[in-house]
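The values are calculated or read from the model by the stated rules, or taken from the named source; none is laboratory data. Owing to the predicted nature of the structure, the values given are computational and were not obtained by experimental measurement. Note that each Cβ is placed from the backbone with ideal geometry, even for glycine, and that neighbours are counted across all protein chains shown. To get the accessible areas, we keep the full protein, side chains included, count just its heavy atoms, and leave off ligands, DNA and RNA. Shrake-Rupley method; radii C 1.70, N 1.55, O 1.52, S 1.80 Å.
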Amino acid sequence: MSAVKLAPSILAADFARLGQQVTEVEHAGADRIHVDVMDGRFVPNLSMGPAIVQSIRRVTQLPLEIHLMISDPDFFLEDFAAAGSDSFLVHWEGNHNLHRTVQRIRALGKRAGVAINPATGSGVLEEIIRDLDQVLVMTVNPGFGHQQFVRTTLPKIGQVCELIERLKPGCAVEVDGGIDVTTAPLVVRAGATVLVAGSAIFGDRDGVATAMKRLRMAVNHIEDETEPAEQSALQRSQRCSSE
Ligand code: DX5
Ligand code: ZN
């Protein structure tokens, strides 16, 4: 079985039947549910808040990871934690007190991750990575689903993996944005082992189960075909980004 984990982003789900869509991806083998929270300030879009998390908490056993694209993440941490969140992804960009935010997440007993935008280098993680359970490399600019994958982020995935291997082995490397059957193999080759996918899963007219199977096959295909030398690089990257 593939070591790559899938995190369907419910931003692309049909909100009129959200509970059912979450159940569908759970039955199809999703590893976690990715919840995109936007405040109309940090990004030019609005999405959902703790009430939605509380509702989906009742219908799934899967871990709920909350991607906070908001100007003041600290203000909402407790509400989201009380609603049943398991982990938080907060942005490096715009947070002048990132260390404090991460410590607050940990004090709540939740997994902590830091997200970096396409124009942000991996070096900014150097002083915070030891406190993290995961890193989120944004492969689009945050704010909207169904955007085109930004290819220049690929080398950065490898750089994040190297940083993790050096400073925080075991920290996961997740990617978010524009992930589909074409880009999934590229990011896995680069070292990612957790793939967020919204429109590629919920937008597939053949249904979420088929969509997730296609994504997994796209990735298994690389793992099967990888040459021995590349295999060990892949295994190394997966070691450094396993949960
Ligand atoms: C973008 C969000 C993503 C988004 C991904 O700001 O963080 O999680 O839902 O959507 P797709 O997979 O459609 O690019
Ligand atoms: Zn996201």
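With the simple model of a label 7 Å out from the Cα in the direction of the Cβ, Phe144 to Leu18 spans 2.2 nm. Computed from the alpha carbon positions, the gyration tensor of region 164-206 leads to an equivalent ellipsoid with semi-axes of 25, 10, 6 Å, biggest first.
For the chain, a Kirkwood hydrodynamic radius built from all Cα pairs, placed in the Stokes-Einstein relation at 20 °C and 1.002 mPa s, yields a translational diffusion coefficient of 121 µm²/s.
Given C-alpha coordinates of region 1-94, what is the ratio Rg to Rh with the Kirkwood estimate of Rh? Dividing the radius of gyration by the Kirkwood radius yields 0.97. Remark: spin-label model distance Asn97-Ser55 equals 3.2 nm, labels positioned 7 Å along the Cα→Cβ axis. With K and R counted +1 and D and E -1, the other residues having a Cβ less than 12 Å from that of Ile52 yield a net charge of 0.
When the alpha carbon gyration tensor of region 108-198 is reduced to an equivalent ellipsoid, its three semi-axes come out at 21, 14, 12 angstrom, largest first.
Extension gain for the segment Lys213 to Val124, taken as residue separation times 0.36 nm less the Cα-Cα distance, is 28.5 nm to one decimal.
Mean sequence separation of contacting Cα pairs (under 8 Å, at least six apart), scaled by the length of region 105-172, corresponds to a relative contact order of 34 percent. Taking Cβ atoms as reference points and 11 Å as the exclusive limit, the residues near Ile70 contribute a net charge of -3, counting Lys and Arg as +1 and Asp and Glu as -1. Candidate cross-link partners of Lys156 among the lysines, defined by an alpha-carbon separation under 25 Å and a same-chain spacing of 8 or more, comprise Lys5, Lys168. Overall, the accessible surface of the chain at a probe of 1.4 angstrom is composed of carbon and sulfur to the extent of 49 percent. On average, how much accessible surface per residue is there in the chain, in Å², for a 1.4 Å probe, leaving out ligands, DNA and RNA? On a per-residue basis, 45 Å².
Relative contact order for the chain: 20 percent, from Cα pairs under 8 Å spaced at least 6 residues apart, divided by residue count.
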